[in-house]
Amino acid sequence: MNKSAVSWTTLWASLLFAIILGFSRLSYGLFMPIIQRVLGGTYGELGIVGTLNFVGYFLGTMALPLMLTRFQMNRRRINLFASCLLGLTMMGSGLSYSLIQLAAWRLVIGLMSAFSTVLVLSLALDRILPSQRGSASGLIWMGGSAGIVVSGLVAPAVINPAHVFAWRISWMAMGLFGVLSAVGFEAVLRRTPEPKVEVQEVASNRSRPRTNYRMIFAADKLLLLALSYFLYGWSYIVYFTYLIPFLVKQGVPALEAGMIWAAIGLASMFNGVLAGKVIDRWPNGFTLAIGLAVGTLGTAAVFFDDFTLTFVGAVLIGLATFLSPPVMTSAMLNRELSAESYPNILSIFSALFAAGQMIGPLVGGWTVDKMGLQMGVASSAVFMLLSAVLAALYGLQQHRRAQNQMRSLVEVPPIRDFQS
């Protein structure tokens, strides 16, 4: 029986997203100053560790469609295994005593988070009324934002140079929270029936890979949107990876640095729901471009070396940009594609997003080592601006397609002369 958006299913899914997004993916950048102090390494080397997390995420997004095609009826088991292992590897990463160990943990964390991201969303939304799935999706993503808020609140204690074990304890506590959330989510799923999957649908998905790839890389189809999503992954992860190290380097107190991080999370809690409602009303690339343009202004605020402007910029990113591209992109794909093509296309888009997140920390780390932390963080504005431009061009494509469709509808074929 399907449920409303506000339900125990949505609640437990949002708790899992707190670790999937807020803890496992983004807390690394927050803890980087103390990790560097304890484990050593240049920013370039720390960037490689961050990249390996997204290498795992990329591999997971590529492997999951194959796993789901073969083990479609075992989605719950796969999710329980991946989510529990995600929590356990988070705990293990807190025991790292070298960057090599931490890199290995981050690789596995990325792999498991890729599985959990897709499976938690699909398992939860399958049990929600179709008319309320947009709202439910926003509520689930808000869990990730809540995870960012919690990370920001513990940041003053964690990044304090005097507390060399605080980051280890925090990651172990986050991992334990993840395991408990995975068990709770599974318990809720057991109380609702598993949606039936038709064998014909699976076979249909298997027969469409060429069409899917052509659509993504065709200039007149989805290429501009795909490139925009790729560049967004690149830009946002550079900002989130090097923002706190930049603030610490500038002498910003740990409490104020934590406030900025928490402000991003708090603002983005509204962003997920807001983005869903906005894209329902204006489902086009122009809407996405506006959010990315606002994010460009937010990331560029670090150029001015002013705490107040940096704080305002962070709030703008959380409020208008952080969750908008994933929510809006998936919504636009849902409108553009058939039900059979949508899962495969979305998986490839997720892989492109992950590829951007892989490259971002590498290039960002190189920029930081060569030009300093301020330029490294600010470089994210360049790639976010490019993402916004591509989204606007995709919106222009949509507008032209809609105009052509309208012309074809209003054109009336000429009436033939009977006598001729």
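Put +1 on the Cβ of each Lys and Arg and -1 on the Cβ of each Asp and Glu in the range 57-169; which of S145, L99, L129 then has its Cα farthest toward the positive end of the dipole?
L129
Which of L139, L46 comes first, and how do the rest follow, when ranked by fewest Cβ neighbours within 10 Å?
Working: L139 24, L46 27.
The order, fewest Cβ neighbours first, is L139, L46.
How would the range 296-341 be classified by its alpha-carbon gyration tensor: rounded, prolate or oblate, with rounded meaning a/c under 1.5 and the a/b versus b/c comparison settling the rest? Write down the numbers at each step before the final one.
Working: a/c = 6.70, a/b = 4.27, b/c = 1.57.
Here the range 296-341 falls in the prolate category.
Determine the shape class of the range 1-192: with a ≥ b ≥ c the square roots of the Cα gyration tensor eigenvalues, call it rounded for a/c under 1.5, and otherwise prolate if a/b is greater than b/c, oblate otherwise.
On the way: a/c = 2.39, a/b = 1.69, b/c = 1.41.
Prolate shape, in that a/c is at least 1.5 and a/b is the bigger ratio.
How many angstrom lie between the C-alpha centres of the range 259-321 and the range 126-179?
19
Along the range 300-317, what does the Karplus equation 6.51 cos²θ - 1.76 cosθ + 1.60 (θ = phi - 60°) give for ³J(HN,Hα), rounded to whole Hz, x for Gly and Pro?
Running phi through 6.51 cos²θ - 1.76 cosθ + 1.60 with θ = phi - 60° gives 6, 4, 5, 4, 8, 6, 10, 4, 4, 5, 5, 5, 4, x, 5, 5, 4, 5 Hz.
Sort 377-390, 172-185 by packing, meaning the average of other beta carbons within 10 Å per residue, with the highest value first.
Details: 377-390: 23.6, 172-185: 20.4.
Going from most to least packed, we get 377-390, 172-185.
Per-residue HN-Hα couplings for the range 162-169, Karplus 6.51 cos²θ - 1.76 cosθ + 1.60 at θ = phi - 60°, whole Hz, x for Gly and Pro?
Karplus-based 3J(HN,Hα) across the range 162-169 equals 6, 9, 6, 9, 5, 5, 5, 5 Hz.
Mind telling me which of W366, W282, W171 comes out most flexible in a GNM of the chain, alpha-carbon contacts under 10 Å?
Looking only at W366, W282, W171, the largest GNM fluctuation is found for W282.
Amide H of I128: which non-local residues (sequence gap of 5 or more, or other chain) have their own amide H closer than 5 Å, using H built in the peptide plane?
K3
With θ set to phi - 60° and the Karplus curve 6.51 cos²θ - 1.76 cosθ + 1.60, what are the ³J(HN,Hα) couplings of the range 359-368 in order, to the nearest whole Hz, using x for Gly and Pro?
Couplings: 6, x, x, 5, 5, x, x, 5, 5, 4 Hz.
Which angle between 0 and 90 degrees, to the nearest 10, do you get for helix 324-336 versus the longest principal axis of the chain when only C-alpha atoms count?
20
Since every read-out is calculated from the coordinates, none of them should be taken as a lab result. None of the values given here were measured: they were computed from a predicted structure. Cβ: placed from backbone, ideal geometry, glycine included. Neighbour counts: every protein chain shown.
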